Structures are given as C-alpha cells and as structure tokens.
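Since every read-out is calculated from the coordinates, none of them should be taken as a lab result. Everything numeric in this text was worked out from a predicted model, so none of it was measured. Positions of Cβ are backbone-derived with ideal geometry, glycine not excepted, and every protein chain shown enters the neighbour counts.
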Amino acid sequence: MISRRGFLKGVAVSFAMSAGRFFEPKYIFGMSFIGPKGLPEGALRESIMAVLPGKKPLIKRSYRPPNYETPVRYFNDIFTPNDVFFVRYHLSNIPQVDVKRWRLRIGGDAVDKPLELSMDDLKRSFEPVEIAALNQCSGNRRGLFSPHVPGVQWGYGAMGNARWKGVRLRDVLNRAGIRAGALEVTLNGADGPVLPATPDFVKSIPIWKAINENTLVAYEMNGEPLPQWNGFPARVIVPGWTATYWVKHITDINVISKPFDGYWIKKAYRIPSSRFPIVERFISQETEVDTPITEMVVNSLITNIEDGQIFRLGHAIEIRGVAWDGGYGIKTVEVSTDGGRGWQSAELGRDYGRFSWRQWSFVFRPPRRGKYTVMAKATNRIGQTQTFELIWNPAGYHNNVVQGVGVSVV
Amino acid sequence: MKRFLFSAFLFPCLFSAQAFGQEQPIGLRDGPGRELVEGNCAICHSLDYPVMNSPFLDRAGWEKTINKMVSVYGAPIKKEDIPKIVDYLTRYYGKKE
C-alpha cells in the first residue's frame, strides 16, 4: 500500500519466479524504507523483503540459517498471523518432519521410566490447553544497540503473539515419573548443525519451570498446525521467558539431576548478573559473573505510526501499540508527545492473559503545526518499567529503551 | 507499470520445493582474501552474516569473531588462513579509522 508519507524512499526488493529467473527492481513506488534506522549500515544494505515457503514477504536478516522478521504493521493485530510470524534459526540443517513418524522421547537419569509418544498419543492421552503468549527473540532490537554488538541485527520484528495449543509438559513428565533429585530438563529438537563439530542447539530449563502449569508442548499455533518454520510438528512453549527456550521440532526431553553443560545454555544466552531486574532465575546455571537470560523485560512498541509520518492539523491522531513483560501483567502504558516531558495514560485493550501482549491506544490532538516526538512507556504490576538509556550487554539482549517516533503536523 | 509492480509484489511468490527460500548470492567486496571468506564462511551460513555485522567491528572485533567460529562452532579454517580472513573483513567490513 502507498504509505501516508508524502515522499518516496527506495528499497531494493528481490524475489525469484518459479522458473528460477531473477527479477530485481531497484525501487517500488511508495514503499517505505525497511530499516529501521539505527541498524548498522551493512544490515540496512542487506535488508530486503524475501519469502520463505508458506510465508508472506518478511524482512530477511539472513538466508541461511533463515532469520526473517515481521514488519511492524502486522503487530496491529492482537495475534500475529502464522504466515507472517517471524523465523529464527541458529543452525542450517532443518528437517521436514513427517508427523506420522515423529516421536517425542522422554528420558534422562531423573525419570522413572523413559517414554516415547507419537502425535496421536500426545493428543489423546493428555488434556489439551491453549495459552495466548508472546514469543520474542532474546536479541530482538539488537540492531539498535549503540554501540553495536555482533549477532543477528534484528529491528523490532523478532517477536509474535499467538494462541498456542498443546499439552502441559508437566503432564507428560509425570507420565514418565519424575525422580527426587531432578534438577533440570533438557530440550532437543530435530534441527542440527551442518558440521558435526558445531554444538547442537539443546537448551535446558529448571525443573520447577518445566513443571509449571503454563509450560507446554504445543502442536498448534493460532488454531492451525505449527508452520514448518515455526517448529512443526511440535515445540516447547515457555510463556514469559525469551524464545530461546521455546525449542522447535522438539524430539527429546530429558530430566536430569546435574546442570546441563551444553554450549547453548552454559556459554551462550547469558546476561551479566545483577544488571537486569529479573525475578525468575536459573540458579543451577549461574556463575559469579553471569546468569542465563530468563524472563522478558517490560517493553512496548508503537505499531501504527512510522517515524517521519506526516499528519494534517485539525485531525485527531490515534496512536496504537502493544506492551508486554515477563508475565506479571501490564499495569500502565504512558504516552508522551512532547519528547518525554509530559506523560498521559493510554487506554489498555482487552486482557488476553498475562503472557499475551496488551494492546493500547492514545488519541493525540496536536495543538499546532510542527514536529512531535511520540513515546510510549510501559510499567508492569510489579513496578518494573522501561529505561531511557540502553542497558548495554555484550550479547545484545533485553533492548527495552523507550522508543521515540517522530511525526510532522502540517 | 506501477500497478503491475504493486500486484507483483503483493502476491506471494512461487518457489520450487526446497528447504529454504531462494538464497540469493551475497556479493562481497572485491579484494585479497575474498575467496577465502566465501569458501570458508559459506559452509555454515550465508554471507549476509558478516555483511550485516558491518561496519562497526574493528580488527580485534573481527579477530574475536573468527576465533569464536573456529573454537566454538568448529569452523574448519586452516590456521594460516585466519589472519588473511581477519585482514579482509577488517579492511572491507571493519570500522573506518
């Protein structure tokens, strides 16, 4: 659609036709700059819209392994449609699982009897539940870090809100029998590395988190089977925690009595201890200096207005967005239209549960022509709020700086 | 013409059945060491990885990154090629002095 801006910005868009030929227009009239601005130059140059099978055009960050983010305008809907839900992989060997042959294996030194379940077993033997929950990459907005840090240079779109249907992990583990002394639960999916020397993507979670009633093995997303790129046929759901734990194409779950020493939990995905106000800590994995990332930090996003957008004086402007946190619930979203001096409460939308993001809206009536900076700041029910200054960390996690969107009123 | 471009963009594109979307070649800047980067790095990932991580890493940053590729991820880079790869990335994708 032609954006409401009065000016053109060019974007390079490439896509291949089924015959394998290559059509690469240099400009599309009226399409906005992909950005967002603030990303490193190289990331901006490489930002194109591209298509994965089964998905609408998304913002490609990398082809292989696929890392594609959702354009922000899709976040105006309470649930993010499956065909625009973001895609993130660490490793490039991604299988297409035959659900009839898929098995979920439960084992480990802290179970009574190892178990193997088919999808039919899972669906018939356990009570299904559905939870609305936000799935957000730990490194969402990493591209906006200043100074920049290496990694996937995400903008705002490495997240999505969905209704996840599946069974409680607790019910599955109880069927296998959890022994006293169980400490952690490892999660391994069918995807793997290209080279045998590369550590396979295996996570672990504390036993208390695994048996939490909200931790699921999900096989449906927004009422449909999981898309291939979002974990078909089943994935783990850990509401409130960052998406690194929501292991896709899940196949092996082991209950163990000692801390897991896999690379992706022991070394990767760590934040400096005491730098973030987290409540739920992964204590069996803590060191003196760092701790695994766990809960999401409170955050918000303006979803219906783009930086640089132009409005006519005399019209009310409805500003809309979403707000979320690690599962304690959003208490307020405040909006400023004068660059942060004055703040007023936005109206909160329907509550879909504490793990879903919360929509909010605010009507702004600009008093005169000029430039305005619109900001939104969320606070949750335990008093956590967003920061005005980036809490820098070497891995580029937890970017929850209050966002500022510039608009012009003419 | 504009309307054609619009509708061509809005409809999802057809792809042959493959694991990924069509990976387009990432053209790296020409210079000594480019083939080493293409030959080594592209084994595991597309070359938009180094490109999107530019131009903010200095020599020490690129060296740390390549060492991580080798020691953590098992990249099979010959020892004598590592400094040439670091040189290339620093010169063409590194922080401007």
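Taking every C-alpha pair closer than 8 Å and separated by at least 6 residues, the mean separation divided by the residue count of chain A gives a relative contact order of 14 percent. Take chain A, connect every pair of alpha-carbon atoms lying under 10 Å apart with a spring to form a Gaussian network, then pick out the residue of A:THR332, A:THR287, A:THR303 with the largest mean-square fluctuation. Among A:THR332, A:THR287, A:THR303, the largest GNM mean-square fluctuation belongs to A:THR287.
Counted by neighbouring Cβ atoms within 10 Å, the residues B:ASP30, A:ASP120, A:ASP191 run from fewest to most as B:ASP30, A:ASP120, A:ASP191. Given the options A:LYS100, A:LYS165, A:LYS203, which has the most mean-square fluctuation in a GNM of chain A, springs set between C-alpha atoms less than 10 angstrom apart? Of A:LYS100, A:LYS165, A:LYS203, the Gaussian network model singles out A:LYS100 as fluctuating most. When you restrict to C-alpha pairs under 8 Å that are six or more residues apart and normalise by the size of region A:212-319, the relative contact order lands at 17 percent. Based on Cβ point charges of +1 for Lys and Arg and -1 for Asp and Glu, what charge dipole magnitude is obtained for region A:104-292 about its Cα centre, in debye rounded to the nearest 20? Charge dipole, region A:104-292, about its Cα centre: 320 debye, nearest 20.
Projecting label points 7 angstrom from Cα along Cα→Cβ for A:ARG341 and A:ARG312 puts them 2.9 nm apart. With K and R counted +1 and D and E -1, the other residues having a Cβ less than 10 Å from that of A:ASN214 yield a net charge of +3. Subtracting the Cα-Cα distance of A:SER118 and A:SER257 from their residue separation scaled by 0.36 nm leaves 47.4 nm.
Relative intensity of region A:92-199 on a log10 scale, I(q)/I(0) at q = 0.12, 0.17 Å⁻¹, equals -0.67, -1.11, per a Debye sum over C-alpha point scatterers of equal strength in the absence of solvent. Averaged over the residues of A:177-189, the number of partner chain Cβ atoms lying within 10 Å of the residue Cβ comes to 0. For region A:58-73, putting each phi into the Karplus relation 6.51 cos²θ - 1.76 cosθ + 1.60 with θ = phi - 60° gives couplings of 10, 7, 7, 9, 8, 6, 9, x, x, 9, 10, 10, 8, x, 4, 4 Hz, in residue order, rounded to whole numbers and with x for Gly and Pro.
Measuring how big region A:161-270 is from its alpha-carbon positions, Rg and Dmax come out at 13.7, 38 Å. Once the gyration tensor of the Cα atoms in the protein assembly as shown is diagonalised, the equivalent ellipsoid follows with semi-axes of 35, 30, 24 Å, ordered largest first. Across region B:34-97, the relative contact order, built from alpha-carbon pairs under 8 Å that are at least six residues apart, equals 51 percent. Using a Gaussian network model of chain A in which every pair of alpha carbons under 10 angstrom is joined by a spring, one finds that among A:ALA176, A:ALA234, A:ALA376 the greatest mean-square fluctuation is at A:ALA176.
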